[in-house]
Amino acid sequence: MTALTATPPAICLLLLGLASRSRFVANQVTWASMATISSHDPVRGQPFSNAFSVSDGPLGRGSGVPYFYLTRMEVSVQDLKVNPQASLSMSLAQTDYCAQQGFDPQSPLCAHVILSGSVLQVNDTAEAEFAKKWLFWRHPEMVDWPSDHDWFFAKFNISQVWVLDYFGGVKTVTPEEYFQATPFRKHPHSG
């Protein structure tokens with residue numbers, strides 16, 4: 001028996017709601033803040049955050065896996081070579097939803113998702129084509145980025161999902177719950 005099936009039905013519905021909301025956020029945003037452990041002086045060993053363009057696939061039907069188009073020249077990518085562990089933060093503040101609702105970006109009502117895990121280079125041809133298609137669809141200028149920068153596709157390998165979408169603190173969603181959910185919602189507080 002898994003933890004999900006051993007959980008009372010009301011809690012299961014709440015968790016599935018959280019998972020759907022986390023998938024919704026991951027699907028709607030076009031960029032994320034990724035924190036790595038710096039391998040560069042003078043901040044070696046300290047957290048270092050940087051913005052990255054992301055896509056998990058088509059709007060409303062994403063895979064849930066954040067994909068990146070990276071160059072080994074980038075400082076955070078160099079950090080990942082030393083330690084692939086990272087944290088990825090995404091917020092509906094990146095869309096027009098929170099502003100339309102009058103929510104400050106820091107408000108828990110402006111849903112945030114924090115993914116913990118690692119960044120892995122995509123080596124599978126079909127997966128690389130998927131990443132390319134949807135990254136270039138959401139970020140068309142990527143097509144023209146300098147070809148001599150040794151670009152490659154990478155994905156965020158999720159080990160933990162944290163959701164902040166209401167008052168009362170952060171809630172956790174397992175990767176299994178996250179990937180079983182769908183991002184089909186008009187906004188995270190709907191139905």
If we keep only residues of the stretch 102-113 that are surrounded by fewer than 20 Cβ atoms within 10 Å (Cβ to Cβ) and among the hydrophobic types (A, V, I, L, M, F, W, C), then the residue nearest to ARG23 (Cα to Cα) is LEU109
State which residue is modelled with the lowest pLDDT when the search covers only the stretch 156-178 and only residues that are touching a Lys or Arg at 6+ places or on another chain (Cβ under 8 Å) and under 16 Å from ASN27 (Cβ atoms). ASP165
Based on this model, can you work out whether GLN121 counts as at pLDDT 95 or above and out of contact with any helix residue (DSSP H, G or I) (no Cβ under 7 Å at 6 or more places or on another chain)? yes
Name the residue that is farthest from VAL170 (Cα to Cα), counting only residues in the stretch 97-115 that are under 16 Å from the mean Cα position of the chain (by Cα) and not in a strand (DSSP E or B). CYS110
Verdict on VAL170 being among the hydrophobic types (A, V, I, L, M, F, W, C) and touching a helix residue (DSSP H, G or I) at 6+ places or on another chain (Cβ under 6 Å): no
I'd like to check something: does the stretch 143-162 contain any residue that is assigned to a loop (DSSP other than H, G, I, E, B) and among the β-branched types (Val, Ile, Thr)? no
Reported set for the stretch 39-85 where residues are open to solvent by less than 30 Å² (accessible area, probe 1.4 Å), more than 22 Å from PRO105 (Cα to Cα) and assigned to a strand (DSSP E or B) is TYR67, PHE68, LEU70, THR71
TYR178 is checked against (1) farther than 20 Å from GLY60 by Cβ; (2) of a type in the set (Ser, Thr, Tyr); (3) outside any strand (DSSP E or B); (4) in contact with a strand residue (DSSP E or B) (Cβ under 8 Å, 6 or more places away or on another chain) and fails just one. What number does that condition carry? (1)
Those residues of the stretch 120-144 which are open to solvent by 50 Å² or more (accessible area, probe 1.4 Å) and of a type in the set (D, E, K, R) amount to ASP124, GLU129, LYS132, LYS133, GLU141, ASP144
Six or more apart or on different chains, Cβ under 8 Å: which pairs go from a residue in the stretch 116-141 that's part of a helix (DSSP H, G or I) to one that's open to solvent by 80 Å² or more (accessible area, probe 1.4 Å)? Could you list them? PHE136/VAL143
Among the residues of the stretch 1-38, how many are open to solvent by 20 Å² or more (accessible area, probe 1.4 Å) and either charged (D, E, K, R) or modelled with pLDDT under 95 (or both)? 18
Within the stretch 88-96, is even one residue outside any strand (DSSP E or B), more than 29 Å from ASP41 (Cβ to Cβ) and open to solvent by less than 10 Å² (accessible area, probe 1.4 Å)? yes
Would you call SER147 within 20 Å of ARG23 (Cβ to Cβ), among the small types (Gly, Ala, Ser) and surrounded by fewer than 14 Cβ atoms within 10 Å (Cβ to Cβ)? no
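The values are calculated or read from the model by the stated rules, or taken from the named source; none is laboratory data. This one's a predicted model, so the numbers in the text were calculated from it and none came from an experiment. Backbone-built Cβ (ideal geometry, glycine too); neighbour counts: all protein chains shown. For accessibility, only protein heavy atoms count, side chains too; no ligands or nucleic acids. Shrake-Rupley method; radii C 1.70, N 1.55, O 1.52, S 1.80 Å.
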